[in-house]
Each structure stands twice: as C-alpha cells, then as structure tokens.
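One structure is given below, encoded as structure tokens.
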Amino acid sequence: NNNYGIDIWSDGNFIIEDGVAKVNFDCKPSLISIVKDIRKQDFKGPLLLRFPHITEKQITTLYTTFNSSIKEYDYKGKFNAVFPLKVNQLPNFIHPLVSVGKEYNYGLEAGSKAELIIAMTYNNIGSPITINGFKDKEMIHLCFIAKSMGHNITIIIEGLNELEMIVEVFKESKLACPNIGLRVRLHSGGSGLWAKSGGINSKFGLTSTEILEAYELMEENDLVKYLTMIHFHIGSAMNSIKPLKKALRESGHIYAELKNLGAINLSSINIGGGLAVEYSAYERTRFYSLSEFSNDVVFTLKEIAKQKGVDEPNIFTESGRFISAASTVLITPVLELFSAEYELDHLKLKEENPPLIQELHELFNDMSKKTAYEFMHDSIDHMESLLTLFDLGYIDLQDRSNAEILTHQIIKKAISLLQIDDYEELKKLDENIQEKYLLNFSLFQSLPDYWGIDQEFPIMPITHLDKNPTRSACLWDITCDSDGELPFDLKKPLYLHDVNLNQEDYFLGFFNVGAYQDTLGMKHNLFSHPTEVNIVFKDGKVILEKILESQKIIDILEDIDYDTSEIRSILGKHLSKETYNVLEKYLNENSYLKTIWSYYDE
Ligand code: PLP
C-alpha cells in the first residue's frame, strides 16, 4: 500500500486517516477541508499553508533536547539559539516564531542590512541577535544602533577589515560597543549538499593567523572585553554528525586558547546551523537524532573545557532548516491529466484504416486480464511505428489522432485490469505509461531548490489515500519552460491516481517547504508567490489567519519597475470605457490560472 513515505518524512506532523491527509494536531483537520475553506473565498491558484504550531514544536524540541543533555552531563554552560533570517524572512512566518520564541529567549540571526532591520524591529529585547556575512561600515553602524536600543547583539566578524571598521565606528559614533564574535575557518568541512560553507577553503571565516592578529588588534584598541563568541558553520543539512564532532574539537580548542590568552568575557561557542530535515519519501537520509546531536555537542565541549582547564562555554545554535522546513506545505491543484485529451468519444475511425490502426483497435477490444500486459506493450510499439509512418507521409493527421487515442485507451484499460493483482508487473512499464499531471504552480517560484540543486521534497496527494495510485506520474508546472517539470524517476517513483477532473478535484501536497524556498523562489514568467495562509487552532477550531493573496498582476509589474499609470493610460487609450473596466479587473487579479476551459463542460 502506498503511503508516500509519510512515516519517513512527516515526524508525526501529518497522518493519513480515512483516505485523506490530516494535520496531526488539536482537532486534526484534513488538509482538503482547509483547502476547500480557502478556495471558497475565490483563491484558486497554489496555496502555501503555514502551521505555526509546527514551528513552535521545533523550537520547544530544540530547547528541551539540549537542556536535557546539559542536565545529563552536568554541563555548566547554557543553551541559546537564534533563527537565521535567511532561511525564511517572511512576516507570516517570523511573527509567530518571535512570539513563541519569547519564553525561551530565542533570537534572530541576520546576514544583511535588510535582515538586521527585521531583527532590530521585531526581536524580543534581551534575546540574542547574531550578525553574520560580509559587512560594510554602515552595517556595523546599524549594529551599534541596535545595541543602543537595548538589543543583545553580537557582530561576528568574517575578516580583519570588519574588526577595523568596528574600531572606527566605536570611536566615531561614541555608542556602546556590541559584543564581538570571531568566525573561525576550520580545517574540517561538513557533510551533505552544502558542505562547502565549512572547511579551510570556505568563503567565510578567519584563519589561525588572522585570529591571532584579530586578538592583537582588539588588545591594542581595548576591545578584548567585548569578545564573547567563537562561531563556525560547517554547512546546511548535515547527514552525519562525524564532521561536526571534528569541528567542535577544533573550535573548542580555539576557544580555550583564546581564553587562556586573556579573553576574559569569551563565553560562547556558536555551532551554526546544519541540523538536517528528512526530505526523502523513500529511505532515511539523516543518520542521527536530535538527542544524539545535542549529547555529542555537550559531551565534546565538556571534554575540551576539562582538558584545557577553562569554563564550559555557552552553546549557541543557528539551525534554520530544522526549525522552519516542516511548518509549510505547498498545495497545488491538478489542472489537467494529459491523457484526458484522449477520451474514446474523440475516436473517429475511418471506413478503411491503416492496418496498424486496425490492429490497435482490435487490441483494445480484445484485451483481457491475461493479455493486458502483452497488448499494452504491443500498442506502445505500434504507436512508435505509426509516428514514423506519419513523418514519412503515409498516414494522415486523423490516423495519427486515432492511434494516440487508442494507445492511451489501451494503457488505461490494461492498468485497470491489472492493478489489483499484478501491480508489480505493471510498474515495470512505468516509463512508457507515464501520465502527465499539469499543476497550477510555478516550480521556479515555489520549489527553487528542486530546480537549482535537485533537492527532493515529499509529494503526496491530499485525498484518495485509500485507493491504489495506478499512474506513474510526471508533474508539469504552468510556466512556459520545459525545466518546469518533475519527471518520473524509476529510482524514486511517484504514483498518482487516475482521476476525472470534471467530476472531482485532485490536489498534491509538497511538504517540508518552509526553509529557503519562499525567498529563493523567482518570478519566472511573472508568477509570484502563492496565496499564503497561517493555519492556527483556537478552542478546537481551525482559524485561517493572515491570508496573503498572491500578488496582483499590476503589482508584479510595478515590482519590476514598470510605470503602472503609463500601462493603464496606454491600454485605456485603445479601449472603450466598458472594455477597459473589464481589463482593470484582470489587472487586479493574480497570474495563476483560475478557470480552465474544458470542452467536457459544454
Ligand atoms: N548559520 C549560518 C552562518 C549559515 O550560513 C546558515 C545557512 O547556510 C545557517 C546558520 C542555517 O543553516 P541550516 O538552515 O542548515 O540550519
């Protein structure tokens, strides 16, 4: 039975019950009931459902797991965490995160001036802010301003020039100096797709020589007292802990050496992000649990502190993916099944048909369960030959259309005859009998990591889960780009249901899309972000909070700097007032497909 790997990737957040996917929380609503409620309000395109309770669960799990390791090892340092804004800066995600983070003193990490402004505005005063990435003097000045607002902010320097700028701003602004952290360039790298963020050749961090120079520069300018943190990040989505242990030892020793040099307020090691999320629906790819991870961090740092005779450091993490990925589900309506074009009532056989077409017709009529597999195979061969005959001019367009209809009908009939007992046999033909599903979304906008780096995401229909899916599925988006496709992959096959969209809706859910996808996505073909909704629970009821509709066409054009009053005036000049009013209505709708014309409705 196909459960789409939910046991592997869902972490108990979603369950299948009575044939539908449900949110495993509070009143356990089905995803389809939520989707129907939203669509009732005329939002017909793709939907991003955000579940703040899942973000809260991740934050709570992170803190309780680390705190229990700390207790178990009688560790003297404290656990702290910040959310790296780069992973998801959108207000509908950030506001609930900051609000539930308050009780833990959960903070934010910023890597640019714009992200810093978000952190300065919304971070709970007293919760940590850490600043990474390349900085200019203006950004450093902003950090000083944040400090003067009462924020607990640490500037993590990536190079000596940043330290020099801190010295300058300190002297010129006369503002109190924020804490300083040093990002160290470790010898050890990470594991997984993003491992290049760590290691000696990474883009970031200070070498040992630079660390010593930085220390000297701080001494010369009386800044040593502000040095509080050592930082490293060995890469996102670590699939094993081994490289982390090496990095911890390396950075632990740097910490201890600096303390022994006289860094009196150095008190924290920031281990960056990198906690992995399970994206696979086929086999586990993350080979550790959070408690193994936290035990290893606490144990290793304790050992080093003991060996070097220094205080056990506070621990900071900047995990982003772990906190945010599971909180968001993308729902895409299926607009069309490719084979729907090949309904039998379009078959227009002639009095006299070419022999191969005649044979296809017989295969279709005579097929039984026993012959289904063989006949399906034969029909696919015949189809190939008929296409060649068409190219050579021996059959006409009507013949070709008949051939296509018959072949598709043979495949459908064979699948329905075989599906119960011979499912495995059937799968062998997967690649030849693919069904293409057209989805109302843009892959470039909503799953950029699939497009860019082949990141897989769990995919599951949100209904029909009590029925055997019989079609090997290839997914197409609505952009005019052939890369907007998730092809059928025999190694990681996706099977979907054969549905008649004139009679019922069919929606696919893409899970774990809350990390990085929202802002990495791009407006290819000018499809902007999907309509997004926060789903919250109050008194056993589902509340649709903060519905943010996909951008209107006119706003998308304004965003790329078109003069929208000029657009309106040019269009208006050529149209009657009445027609222009209709056009104006379209300008104020979003660009996803709304009503799709179908000849079956006639
Ligand atoms: N901290 C730093 C410095 C990073 O560069 C990143 C991401 O690349 C993160 C934290 C977040 O990583 P993740 O989302 O894998 O936890």
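Residues that are crowded, with 20+ Cβ neighbours inside 10 Å and among the β-branched types (V, I, T) within the stretch 370-418 comprise I395, I405, T407, I410, I411, I415, listed in sequence order. Only residues that are over 11 Å from G320 (Cβ atoms) and in contact with a helix residue (DSSP H, G or I) (Cβ under 6 Å, 6 or more places away or on another chain) were counted across the stretch 82-99, and they come to 3.
Among the criteria (1) touching a residue at least 40 places away in the same chain (Cβ under 8 Å); (2) touching a helix residue (DSSP H, G or I) at 6+ places or on another chain (Cβ under 6 Å); (3) not in a helix (DSSP H, G or I), the one L163 does not fulfil is (3). If you filter the stretch 100-122 down to residues that are outside any helix (DSSP H, G or I) and within 16 Å of the ligand (Cβ to nearest atom), you find that the one that is nearest to F66 (Cα to Cα) is Y106. Only residues that are within 16 Å of the ligand (Cβ to nearest atom) and open to solvent by 50 Å² or more (accessible area, probe 1.4 Å): list them for the stretch 62-91, please. Correct list: K86 only.
Take S482 and decide whether it is of a type in the set (S, T, N, Q) and over 20 Å from the mean Cα position of the chain (by Cα). It is true that S482 is of a type in the set (S, T, N, Q) and over 20 Å from the mean Cα position of the chain (by Cα). Screening S324, S289, S319 for residues that are surrounded by fewer than 18 Cβ atoms within 10 Å (Cβ to Cβ) and within 22 Å of F457 (Cα to Cα) leaves exactly one candidate, S289. Scan the stretch 99-112 and tell me whether some residue there is in contact with a strand residue (DSSP E or B) (Cβ under 9 Å, 6 or more places away or on another chain), surrounded by 22 or more Cβ atoms within 10 Å (Cβ to Cβ) and farther than 24 Å from Y63 by Cα. Checking the stretch 99-112: not a single residue is in contact with a strand residue (DSSP E or B) (Cβ under 9 Å, 6 or more places away or on another chain), surrounded by 22 or more Cβ atoms within 10 Å (Cβ to Cβ) and farther than 24 Å from Y63 by Cα. With the condition kept exactly as written, say whether any residue in the stretch 257-270 is closer than 30 Å to T328 by Cα, open to solvent by less than 10 Å² (accessible area, probe 1.4 Å) and either modelled with pLDDT of 95 or more or more than 12 Å from the ligand (Cβ to nearest atom) (or both). For the stretch 257-270, residues closer than 30 Å to T328 by Cα, open to solvent by less than 10 Å² (accessible area, probe 1.4 Å) and either modelled with pLDDT of 95 or more or more than 12 Å from the ligand (Cβ to nearest atom) (or both): present.
Name every residue in the stretch 173-186 that is open to solvent by 10 Å² or more (accessible area, probe 1.4 Å) and over 30 Å from the mean Cα position of the chain (by Cα), in order of residue number.
S173, K174, L175, A176, N179
Taking the stretch 271-322 as the region of interest, how many residues are within 13 Å of the ligand (Cβ to nearest atom), under 22 Å from I230 (Cβ atoms) and not hydroxyl-bearing (S, T, Y)? Qualifying residue count, the stretch 271-322: 10.
Only one of the numbered conditions (1) surrounded by fewer than 18 Cβ atoms within 10 Å (Cβ to Cβ); (2) more than 42 Å from the chain's Cα centre (by Cα); (3) not small (G, A, S) is not met by L363, and that is (1). Cβ separations smaller than 8 Å between residues 6+ apart or across chains give the following pairs from the stretch 107-123 residues that are within 20 Å of G181 (Cβ to Cβ) to residues that are assigned to a helix (DSSP H, G or I) and among the hydroxyl-bearing types (S, T, Y): L108/Y122.
Scanning the stretch 532-548 for residues that are in contact (Cβ under 8 Å) with a residue 60 or more places away in the chain and over 19 Å from the mean Cα position of the chain (by Cα) yields V536, F537, G540, K541, V542, L544, K546, I547. Scanning the stretch 8-39 for residues that are more than 22 Å from the chain's Cα centre (by Cα) and of a type in the set (G, A, S) yields G19, S33. For the stretch 237-249, a residue qualifies if it is open to solvent by less than 10 Å² (accessible area, probe 1.4 Å) and within 14 Å of the ligand (Cβ to nearest atom), and the qualifying residues are M238, L244, A247. For the stretch 500-511, the count of residues that are within 30 Å of P52 (Cα to Cα), of a type outside the set (F, W, Y), surrounded by fewer than 19 Cβ atoms within 10 Å (Cβ to Cβ) and touching a residue at least 24 places away in the same chain (Cβ under 8 Å) is nonzero. Within the stretch 460-481, the set of residues being surrounded by fewer than 22 Cβ atoms within 10 Å (Cβ to Cβ) and not in a loop (DSSP other than H, G, I, E, B) comprises C474, W476.
When S324 is tested against (1) under 28 Å from the mean Cα position of the chain (by Cα); (2) assigned by TED's automatic domain parsing to the domain that holds T65, exactly one condition is not met: (2).
Considering only the stretch 141-149, I want to know if a residue exists there that is β-branched (V, I, T), part of a helix (DSSP H, G or I), more than 27 Å from the chain's Cα centre (by Cα) and farther than 22 Å from Q58 by Cβ. The answer is yes, given that some residue of the stretch 141-149 is β-branched (V, I, T), part of a helix (DSSP H, G or I), more than 27 Å from the chain's Cα centre (by Cα) and farther than 22 Å from Q58 by Cβ.
The values are calculated or read from the model by the stated rules, or taken from the named source; none is laboratory data. Computed from a prediction, not measured in an experiment: that's the story for all the values here. We place every Cβ from the backbone using ideal geometry, glycine too, and count neighbours over all the protein chains shown. Remember, those area values only see protein heavy atoms, side chains included, never the ligands or the DNA or RNA. Shrake-Rupley method; radii C 1.70, N 1.55, O 1.52, S 1.80 Å.
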